[in-house]
Amino acid sequence: MTVLAVSALLVLAGCSTDEPTTGASGSPTAGTGSGTGKQSKFFVQADYDEQLALLDAAPTGPAGKPWEQALNPEMVETAKFKKPGPYKICFSNAGLNNPWRQVGFKTMQAEVDTHRGRISEFVHVDAEAKDQKQIADINDLLGKGCHALIVSPNTTATLTPAVEAACEKGLPVIVFDRGVDTTCPVTFINPIGGYGFGHVAAEFVTRKMKKGGKVLALRILPGVDVLETRWSAAKVAFDKAGVDVVGVEFTDGDPARTKKIVNDYIQRYGTIDGVWMDAGAVAGAAVEAFEDAGKPVPPINGEDQLDFLKLWKDKKLTAIAPTYPTYQWRTPVIAALKILDGERVPNPWKLPQPTITQDNLDEYVDPSMPPLHYAMCGCTDLPGYPKRWK
């Protein structure tokens, strides 16, 4: 992810926002005082266990094409949706208001271009991160003669009835990125998920920091499910290891706010020995805060956004980058065509979720691409690369 305003960040996942308390630096915090606070209401033990198990699962599918692979797939029949092409594929998109989604949508468009003989029309509607607009968009698409409907919901609960209405029309619905509270879609596509991300990052920071050191957790927003599950998993890891989490602060994805928070904690504690982040949006700002204070940058996590990866390499940071790969935007198009061919597809369709480490960092740092590009786009084999993504 990247530097985002609050309104842009809400599109990352579908949830209501809880009222946070105020932390040491005046920003919201997940708990009072030091420590990890109480567990999030979003935490589900079974889902946590499943996602951690998937981290070690071997994917099935074509080698070198993780967007076509699946983890522990359970196949569903789609014969009732089989029809001759070419097809009109429709896409109701939560929004395009952050670089992660922009990179993803460019990747999806390029995937569509590879099937132009089979896809006669691709209709995209941008909900602009507004629930009511997306509900209206979906309702409108139901009268447009779509052969399949792809949905990336802005929020989970609010969009569920609209998705159910599409299913009731007999239209094959493919949901991806974030889910809805219904099993009616033919398949739900996404990578392993937030628990996997949060666990990998917290385990790394715990292992690399000095024993008994102090950790600062930087979060984007409260009440957003994909972010809450990341923090939930980190809390489990930190509590298990007895890590001293001195603060859990929300940055709103604002680099200036992030630098102020980090500086406040440095002033208060003298040394911070590890930084955990639920998103890589402001990892660069956190690094700069330590440098501005004349302090060594402690073990830290970011994401696969190129600005962080380049900084990691140039500064020789002790870092890791769990990912939520943008290559997932290819999969719904592939799934739609399989369904319209009557082929079985996985449901849920869990994609691999790679982690960038020091050992493979060089594979993902591409100086020719812009800083807000995502290394896990899976787009290098697609039409228009690299120009389309610049």
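About the Cα centre of the chain, what is the dipole size in debye to 20, counting +1 per Lys and Arg Cβ and -1 per Asp and Glu Cβ, all else neutral? Provide the component values of the computation, followed by the final result.
On the way: 41 positive and 46 negative charges, 87 e Å.
Rounded to the nearest 20 debye, it is 420 debye.
For region 48-156, the orientation-averaged shadow of the C-alpha convex hull comes to 9.0 nm² (one quarter of the hull surface).
Over region 302-362, with the other protein chains present, what is the accessible area per residue in square angstrom, probe 1.4 angstrom?
Result: 30 Å² of accessible area for each residue.
By the gyration tensor of its Cα atoms, with a ≥ b ≥ c the square roots of the eigenvalues, what is the shape of region 313-379: rounded for a/c under 1.5, prolate for a/b over b/c, or oblate? Judged from the Cα gyration tensor, region 313-379 comes out prolate (a/c at least 1.5, a/b above b/c). Put a plus charge on the Cβ of each Lys and Arg, a minus charge on the Cβ of each Asp and Glu, and nothing anywhere else: the dipole of region 194-322 about its Cα centre is then about 520 debye.
The angle between the Cα long axis of helix 194-208 and the main principal axis of the chain comes to about 30°, on a 0 to 90 degree scale.
When both region 316-390 and region 277-293 are represented by their alpha-carbon centers, they are found 24 Å apart.
Would region 201-275 count as rounded, prolate or oblate if I go by the C-alpha gyration tensor, calling it rounded below 1.5 in a/c and otherwise prolate when a/b exceeds b/c, oblate otherwise? Taking the square roots of the gyration eigenvalues as a ≥ b ≥ c, region 201-275 is oblate. The order of Asp181, Asp113, Asp137 by accessible area, most exposed first and with a 1.4 Å probe, is Asp181, Asp113, Asp137.
Greater than 27 Å separation of Cα atoms is the criterion. Which listed pairs, Lys211/Lys313; Lys106/Lys315; Lys88/Lys350; Lys38/Lys214; Lys38/Lys295, meet it? Mind dumping the intermediate values first?
On the way: Lys211/Lys313 25 Å; Lys106/Lys315 30 Å; Lys88/Lys350 25 Å; Lys38/Lys214 19 Å; Lys38/Lys295 31 Å.
Beyond 27 Å between Cα atoms: Lys106/Lys315; Lys38/Lys295.
Students sometimes get this wrong: rank Ser40, Ser120 by accessible area, probe 1.4 Å, all chains present, largest first.
Values: Ser40 20, Ser120 75 Å².
I get Ser120, Ser40, largest accessible area first.
Residues in region 85-209 average 34 Å² of solvent-accessible surface per residue, probe 1.4 Å, ligands and nucleic acids excluded. Note on the chain: dipole from Cβ charges, positive end direction compared against Asn97, Cys379, Ile135; the farthest Cα belongs to Cys379. The HN-Hα couplings worked out from phi for region 56-73 by the Karplus form 6.51 cos²θ - 1.76 cosθ + 1.60 (θ = phi - 60°) are 9, 7, 8, x, 9, x, x, 4, x, 10, x, 6, 9, 8, 8, 9, 6, x Hz, whole numbers, x standing for Gly and Pro.
Working with all protein chains in place, sort Cys377, Cys184 by solvent-accessible area computed with a 1.4 Å probe, largest first. Let's see the in-between values first.
On the way: Cys377 5, Cys184 50 Å².
Sorted descending by solvent-accessible area, the residues read Cys184, Cys377.
For the chain, modelled as a GNM whose springs connect Cα atoms under 10 angstrom apart, the maximal fluctuation among Ala336, Ala70, Ala110 occurs at Ala110. Taking Cα atoms, how many degrees apart are the long axis of helix 99-113 and the longest axis of the chain, rounded to 10 and kept between 0 and 90? It is inclined by approximately 30 degrees. A simple spin-label model places pseudo-atoms 7 Å from Cα toward Cβ; at Asn139 and Asp362 they are separated by 5.7 nm.
Cα-based radius of gyration for region 263-390, normalised by 2.2 N^0.38 Å, reads 1.31.
Solvent-accessible area of the chain (1.4 angstrom probe, protein heavy atoms only): carbon and sulfur portion equals 50 percent. Computed over Cα pairs, the Kirkwood radius of region 105-206 leads via Stokes-Einstein (1.567 mPa s, 4 °C) to a diffusion coefficient of 85 µm² per second.
State the Cα centre-to-centre distance between region 53-91 and region 98-177 in whole Å. Here the answer is 17 Å between Cα centres. Normalised by 2.2 N^0.38 Å, with N the number of residues, the alpha-carbon radius of gyration of region 194-322 equals 0.93.
Classify region 63-106 as rounded, prolate or oblate from the Cα gyration tensor: take a ≥ b ≥ c as the square roots of its eigenvalues, call it rounded if a/c is under 1.5, otherwise prolate when a/b beats b/c and oblate if not.
Oblate, since a/c reaches 1.5 and b/c is not below a/b.
The values are calculated or read from the model by the stated rules, or taken from the named source; none is laboratory data. Please read all numbers here as calculations on a predicted model, not as lab measurements. We place every Cβ from the backbone using ideal geometry, glycine too, and count neighbours over all the protein chains shown. Please note that ligands, DNA and RNA were not included when accessible areas were found on the heavy atoms of the full protein model with its side chains. Shrake-Rupley method; radii C 1.70, N 1.55, O 1.52, S 1.80 Å.
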